[in-house]
Every structure is written in C-alpha cells, then in structure tokens.
1. Pairs only if they're at least six apart or on different chains, beta carbon under 8 angstrom, first in the stretch 18-37 and free of Cβ contacts under 8 Å to residues at least 60 places away in the same chain, second surrounded by fewer than 18 Cβ atoms within 10 Å (Cβ to Cβ) and not in a helix (DSSP H, G or I); list them, first residue then second.
2. Specify the residue that is most open to solvent (accessible area, probe 1.4 Å); the eligible residues are those in the stretch 118-137 that are out of contact with any Asp or Glu (no Cβ under 9 Å at 6 or more places or on another chain) and of a type outside the set (A, V, I, L, M, F, W, C).
3. Condition check: surrounded by fewer than 16 Cβ atoms within 10 Å (Cβ to Cβ) and at pLDDT 95 or above. Does ILE115 satisfy that?
4. Name, by its number, the condition in (1) more than 19 Å from LEU136 (Cβ to Cβ); (2) among the aromatic types (Phe, Trp, Tyr); (3) buried (at least 24 other Cβ atoms within 10 Å of the Cβ) that does not hold for TYR255.
5. I need the full set of residues from the stretch 288-309 which are assigned to a helix (DSSP H, G or I) and either modelled with pLDDT of 80 or more or in contact with a His (Cβ under 7 Å, 6 or more places away or on another chain) (or both), in order please.
6. Pick from the stretch 138-160 the residues that are crowded, with 16+ Cβ neighbours inside 10 Å and of a type in the set (S, T, N, Q): which of them is modelled with the lowest pLDDT?
7. Do we have ILE214 as of a type in the set (Val, Ile, Thr) and at pLDDT 95 or above here?
8. Is it fair to say VAL176 is in contact (Cβ under 8 Å) with a residue 24 or more places away in the chain, farther than 20 Å from GLY279 by Cβ, touching a helix residue (DSSP H, G or I) at 6+ places or on another chain (Cβ under 8 Å) and not in a loop (DSSP other than H, G, I, E, B)?
Amino acid sequence: MSGETLPATSRTRHPMRLSVAAVLVLVSACIFVITATATGETSQLNLEGLAGLFQRMVALGLVGLGQTFVILVGSIDLSVAALISAVAVLASFIMQANPAMILPAILACLVLCLIVGAINGLLVAYCGINPLIATLGTGLTIQGLLSASFTYLQGSVAPSFQAFAYTSLLGIPYPVLLFVALAAAASLLLTRTVFGARIYAVGGNPQGARLAGIRTERVVLAAHVIASFFAGVAGLYLAARLQSGTPWIGRDGIYDLESIAVTVIGGTILAGGKGGVAGTVAGVLLFATLDASFNMLGVDAFLKQVMRGAIVIAAVAIHAIRHKGHVA
C-alpha cells in the first residue's frame, strides 16, 4: 500500500520524532547563534569561528567514541584520563623533537593502549570484577606511576607532528577531519558489521547473547581495547597541541567523567545495548557550544561546571522517563 492510500488515522499513529542527536544539534546551534549575536561576537559564526568550535570537540569527542563502545556492552572505563596522560608523556619522551621518531612513538603509544585495554577487558570480562573498580584501579595505577616518575613537562614532540594540530585543509583543521573520519568508522563498525551487532546484543541481553553462541567475554574485552585506542589517539592529539607531554593533562581535563557524560547525554544508556555514535558526537557538540558560549559571555569557570552537571542530571532524568525500566 502506498503512502498516499494510507488512512489519516494510520498516519497520525506514527508522528515524526526527532532523534536525541538531532535535538542536541538543534539546541547547540540555537545557543551558539543566539549567544554570538547577543554578545556581538558575530565573527564566531564565520568559517574560522566554527572551525574553532569544532576543534573544541576533538579531544573529548575521541574519548567519547571509545566510551560509547564500553557503555554499549554494559561496562564503563574510568582509566581513560590516566591513559591520555601516559600516552602524551610517552609520545614526547620518545620523540624528543626528532621527526624520525614520530612513527616509533605512535606505535609505542598504541601498544600501551592495547595493553591497558586488554587488562581492563580481562579484569571485567574474565575475572568478573566490577568495571568501575577494575578501570578505576587501572587508572590510579597509571596515574601513580606517572606522578612518581614525572613531575614536570616531559620531552617535546617533533615540529612536524605538532603542525598536525595547527594546520588545516580548506579552512577545516586536520584534527577535526580526523575526528570526523574516526566517528564515521566507529558508526559503521557499530551499525554495519557483525561485531557491532554483537556489541548491542551483549549489552542488551548478555544471557541471551551467550545462549545465541556469542562469546560475550571477547566482545567486552574488544570494547575495552577500542576505548583505550580512542583515548590513546586523544593523548597523541593533546601532545601535538601542547608540544610536550604533561603527566596531568588527562586528569585535569576530567576526560573520564566528561566522556561518560556526553555519551549518556547522547542517548546511550548505562545499562547497555542502546545508543550510538551520533548521539555521543551531538553530546560533545553541546558541551563545546556551552564552553564557547560561556567564554563569549565571560561566565566563571565554576558556573560552567555547575551548568554541565545540571545538564547531565536533566539528560539522565529525561532518558529515565523515556526508557522506563532502564537506567540512563
């Protein structure tokens, strides 16, 4: 039956509903445009201003993408902030401003991420340790080693590596292009592959997934490795942007808690099995928009955190109402 022949009652039973991601993007756009216009900062609305807004999203957005995977399987990762610091320090320590050491440094950082992700996955999936405790312990261990070994800026990245964070293509910064590419890849992985289907199955109904023959432990372990990989990329980006490794960059950025916040705001529920990349990216956009708007308004940094906390609570309340029976 074609759409034209449907009775009016049938059409009205399925009203169009905007997705969480679409609502967040619209809200972010309204906030940014209204604030820029009201404060006279209309230069923020041109290509350069928007590029700056999108570049604010990169670090948190990368961590949020990885956090989306672990939350979808019903887990969580609190070690990402410490891992970001470790990667930034390791990259600059190996490079020592030598361009020839860029590739070895990146490979070493990725190996570190693989190890940390595997440890988290083994503790959670095979040892049955609560993910909050397991990943918090891993993060504290990493941060403790960093604090004991490095108390100041460590090393320096190669100039050509640093240039990646500050150059652009047709006015769009390369880090933004990298973030878009990785977000698209993550979305395709979740929505177009068997592995993505297993992620949702394990998070939505672990027992059912196990009875269906899915090795749930392997899926959870893989999700943690992916989360560590994205945290590592964020650490490399921050090292390039800051020119050197800072042992506290991840901790001070609160990337562990904020990555969870943007993921939840984007519609991914903490119980697992529901959500996706688009919502997380939209949640990061909302946070970046609020930061930019507060800067234009000259709002105190303390009030920014209060507002962010209020938004997270409101988002959780809305999701709890929309998805009765789940904990958002």
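The values are calculated or read from the model by the stated rules, or taken from the named source; none is laboratory data. Owing to the predicted nature of the structure, the values given are computational and were not obtained by experimental measurement. Neighbour counts run over all protein chains shown; Cβ positions are idealised from the backbone, glycine included. Side chains included, ligands, DNA and RNA excluded: accessible areas come from the protein's heavy atoms. Shrake-Rupley method; radii C 1.70, N 1.55, O 1.52, S 1.80 Å.
1. So the pair list comes out as LEU26/LEU18.
2. Applying the filter and picking the extreme gives ASN130.
3. Yes; evaluated as a whole, the condition is true for this residue.
4. Tallying (1) more than 19 Å from LEU136 (Cβ to Cβ); (2) among the aromatic types (Phe, Trp, Tyr); (3) buried (at least 24 other Cβ atoms within 10 Å of the Cβ), TYR255 fails exactly one: (1).
5. Correct list: ALA288, THR289, LEU290, ASP291, ALA292, SER293, PHE294, ASN295, MET296, LEU297, VAL306.
6. For the stretch 138-160, the residue satisfying everything is GLN154.
7. On the way: of a type in the set (Val, Ile, Thr): yes; at pLDDT 95 or above: no.
Here the answer is no, as ILE214 does not meet what is asked.
8. No; evaluated as a whole, the condition is false for this residue.
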